[in-house]
Ligand SMILES: C=CC1=C(C)c2cc3[nH]c(cc4nc(cc5[nH]c(cc1n2)c(C)c5CCC(=O)O)C(CCC(=O)O)=C4C)c(C)c3C=C
Ligand SMILES: [Fe+2]
Ligand SMILES: [Fe+2]
């Protein structure tokens, strides 16, 4: 075997407040996040949403120190993984490819080519697969493999998801147990798994396995923890007007408050690093909701970051995938080309007369929305929850 590389895939996050708007533009330009029937409308809509959402999003990043800690943590994970693999006798170079911010996936691939990597393990830092996360990064890579004859000579294997890996489950259970042990009555604490949401249509229409993998993962963590605590699973971070996976974190917190739950331990489950949704959304926004609902003790389990057992699980995944038959892009869940991802409404897809009329109307609505929002700071996009 020639030189071996591991490519860690992640979302990326704005490091400074000035990065927020272009980061959001990249995110909303992704057809796996918003898919419009006409490709040409994708960038104008991404520009519109990112311009109008930027100030609210910047305020959230300001509350966590002015930027996302995601790159620093991912770098520390990459270094720890490379060291652990070296200890196991595997000389492997670890690369980071972010989907929406530096260092972009494309840059990582350039470095991989420069280093003459012959075999590449592609490992998303998302335990569960979603079309909107790992699937989106895989699509970008698949296109590169199709277009680049040099890359086609590089052997690769994908690790689509690893939510059920025993060492990862052990690391999650360890983090939860450590927090519980600090509580006066550990068995009375209600464990609250908060997963990042996705629109319901991803699961119901596009066949995204995300919800099933989240549910199985939650049950497996509880089995590994092996304690009698009651638990709840809910979905956070809804964006936009469509239905997302339920129950929503906010509603579930209110419901638990009404049931008289006083002690809550929140476990972020879809992501392995601290980021805006843990540090701002859970620690600040959901804490307030919980306290208003009568929950007196609101604690959160830290993200895995460089937990040694977690790094061990990543190294085991890499070694196993080098020994097994490769998993290729064709084996991954792809949404259908005309799949409506968002916004969701009754719609007949294709270049029908109705589509032509509606494209014109959508463009008009978009530009009216910009003008109203810019003049008043309020408007239809605030109303539907995009801003
Ligand atoms: C597994 C985790 C994630 C899923 C699934 C996911 C889907 C998803 N996200 C958006 C919209 C936004 N996401 C944003 C930031 C963001 N998203 C995730 C993870 C998942 N997203 C993370 C870890 C982060 C934060 C990165 C960081 O800065 O630390 C944002 C920007 C922040 C904001 O303005 O709220 C948006 C917008 C959609 C629409 C979606 C599924 C379709
Ligand atoms: Fe997100
Ligand atoms: Fe969010």
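The values are calculated or read from the model by the stated rules, or taken from the named source; none is laboratory data. If you're wondering where the values come from, they're calculated on a predicted model, not measured in any experiment. Glycine also receives a Cβ, built like all others from the backbone with ideal geometry; neighbour counts cover every protein chain displayed.
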Check: What's the number of the condition residue 76 fails, among (1) under 20 Å from the mean Cα position of the chain (by Cα); (2) more than 10 Å from ligand 1 (Cβ to nearest atom); (3) crowded, with 20+ Cβ neighbours inside 10 Å; (4) under 30 Å from residue 315 (Cβ atoms)?
Finding: (3)
Next item on the list: Give segment 52-72 a look and list any residue that's touching a residue at least 60 places away in the same chain (Cβ under 8 Å) and away from ligand 2 (no atom under 16 Å from the Cβ), or say none.
Entry: 52, 63
Margin query: If residue 30 satisfies all but one of (1) more than 16 Å from ligand 2 (Cβ to nearest atom); (2) at pLDDT 95 or above; (3) in a loop (DSSP other than H, G, I, E, B), what's the number of the condition it fails?
Written below: (1)
Check: Only one of 237, 270 is within 16 Å of ligand 2 (Cβ to nearest atom) and touching a helix residue (DSSP H, G or I) at 6+ places or on another chain (Cβ under 6 Å); which?
Finding: 237
Check: Looking at this structure, is residue 164 at pLDDT 95 or above, farther than 24 Å from residue 324 by Cβ and touching a helix residue (DSSP H, G or I) at 6+ places or on another chain (Cβ under 9 Å)?
Finding: no
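The rows are residues; the columns are (1) farther than 18 Å from residue 140 by Cβ; (2) within 11 Å of ligand 1 (Cβ to nearest atom); (3) not assigned by the TED database to the domain that holds residue 323.
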position	(1), (2), (3)
17	yes, no, no
26	no, yes, no
29	no, no, no
44	yes, no, no
Margin query: Within segment 279-295, does at least one residue satisfy the condition of being in a loop (DSSP other than H, G, I, E, B) and within 16 Å of ligand 1 (Cβ to nearest atom)?
Written below: no
Next item on the list: Go through segment 248-267 residue by residue and tally those that are within 30 Å of residue 73 (Cα to Cα), in contact with a helix residue (DSSP H, G or I) (Cβ under 8 Å, 6 or more places away or on another chain) and without any contact (Cβ under 8 Å) to a residue 60 or more places away in the chain.
Entry: 2
